[in-house]
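One structure is given below, encoded as structure tokens.
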Amino acid sequence: MAVSRALQILGLFTVEQPVLSVEWLVEHLRASRASVYRDIQALVHAGLLEKMDMRGYALGARIVELDRQIRLGDPLLHAAGALPQQLSRESGGTVLLCRLHARTVLCILEVTGSAPGLSVSYERGRAMPLYRGATSRILLAHLPPARLRQLLDVDAEAMRSARLPLSLSELQDALAPLRAQGHVITHGEVDTNAVGVAVPLLDNNRLLGSLSVVLPAPGFTPLTEQRALSLLKSCARRIEARLENDRRRDQAHRHTHAPLP
């Protein structure tokens with residue numbers, strides 16, 4: 001099996017196209033039918049794809065199993081524990097735990113808040129734009145210059161649409177205040193009538209992800225903002241402290257159980 005092509009095949013499934021035919025894949029990948037069919041059969045054997053009658057192939061049950069393993073084994077999710085649920089209860093908003101994935105932001109945990117009528121586009125597993133909304137902008141603000149330069153090279157049109165500067169120095173100048181203040185607040189950039197409040201999750205200077213609270217715009221006052229920021233930053237610091245404690249515990253365990261020379 002050609003690994004790169006097999007990964008391409010998996011990446012072609014979308015919500016809009018959950019089932020793909022061999023003919024469509026052959027045309028899209030510009031590969032021979034025999035090669036594509038061989039890759040498909042290998043993916044089916046691994047449980048990553050399954051046959052859907054005459055319509056074609058869909059993602060397989062093995063992916064559900066892998067998702068469960070991520071939920072149970074992801075260090076960031078493990079460190080977060082029940083803290084996002086507590087944050088949601090105390091703030092009344094929807095809490096999002098997200099990571100950077102290529103040129104998108106991927107939600108790995110969503111806790112729906114109690115605020116009535118609040119619609120939030122983010123949900124676990126859904127890739128969202130990197131350039132709009134507090135959840136995304138706080139990640140963008142903490143990217144190193146080399147990564148920003150890469151984004152400018154390959155994604156200038158999307159950045160222009162988000163009204164971001166298209167030179168590295170100007171982009172860094174625009175993002176520096178967000179990085180310095182340690183949070184981003186946006187109004188209606190992703191969901192109408194919603195306010196996003198986001199902070200970074202850091203391991204020293206290494207960016208791990210972002211933690212956000214989404215609240216309804218009606219009734220969002222300076223007092224609401226102050227309370228949301230206080231709760232959010234406290235939760236983020238506790239998650240970071242747990243990650244540090246987990247790492248130290250793992251290091252101590254490895255040292256204790258290291259084989260004798």
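Values in this text are rule-based calculations from the coordinates and carry no lab data. The structure displayed is predicted, hence computed values, not measured ones. We place every Cβ from the backbone using ideal geometry, glycine too, and count neighbours over all the protein chains shown.
Conditions tested, residue by residue: (1) in contact (Cβ under 8 Å) with a residue 12 or more places away in the chain; (2) closer than 30 Å to Leu243 by Cβ; (3) buried (at least 18 other Cβ atoms within 10 Å of the Cβ); (4) among the β-branched types (Val, Ile, Thr).
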| position | (1), (2), (3), (4) |
| --- | --- |
| Phe13 | yes, no, no, no |
| Glu16 | no, no, no, no |
| Ser21 | yes, no, no, no |
| Leu29 | yes, no, no, no |
| Ser35 | yes, no, no, no |
| Gly47 | yes, no, no, no |
| Glu50 | no, no, no, no |
| Ser88 | yes, yes, yes, no |
Exercise. Out of all the residues in region 205-257, which are closer than 18 Å to Gln181 by Cβ and acidic (Asp, Glu)?
Worked result: Glu225, Glu240
Problem set entry | Conditions (1) surrounded by fewer than 11 Cβ atoms within 10 Å (Cβ to Cβ); (2) over 20 Å from Leu130 (Cβ atoms); number of the one not met by Arg247 | (1)
Problem set entry | Residue selected from region 193-208 under the condition within 17 Å of the chain's Cα centre (by Cα) and under 18 Å from Gly92 (Cβ atoms), by the criterion surrounded by the most Cβ atoms within 10 Å (Cβ to Cβ) | Gly196
Seminar exercise, completed: Across region 98-125, the tally of residues that are aromatic (Phe, Trp, Tyr) and either over 11 Å from the mean Cα position of the chain (by Cα) or at positive phi (or both) stands at 0
Exercise. What are the residues in region 196-211 that are farther than 17 Å from Val105 by Cα and free of Cβ contacts under 8 Å to residues at least 40 places away in the same chain, if any?
Worked result: Asn204, Asn205
Seminar exercise, completed: Over region 58-79, the set of residues under 20 Å from Arg126 (Cβ atoms) and within 15 Å of the chain's Cα centre (by Cα) is Asp67, Ile70, Arg71, Asp74, Leu76, Leu77
For this session: Might you check whether a residue that is among the hydroxyl-bearing types (Ser, Thr, Tyr), farther than 22 Å from Ser121 by Cβ and surrounded by fewer than 17 Cβ atoms within 10 Å (Cβ to Cβ) occurs anywhere in region 180-192?
Result: no
Seminar exercise, completed: Note: among Gly113, Gly73, Gly117, Gly133, just one is surrounded by fewer than 14 Cβ atoms within 10 Å (Cβ to Cβ) and in contact (Cβ under 8 Å) with a residue 40 or more places away in the chain, namely Gly117
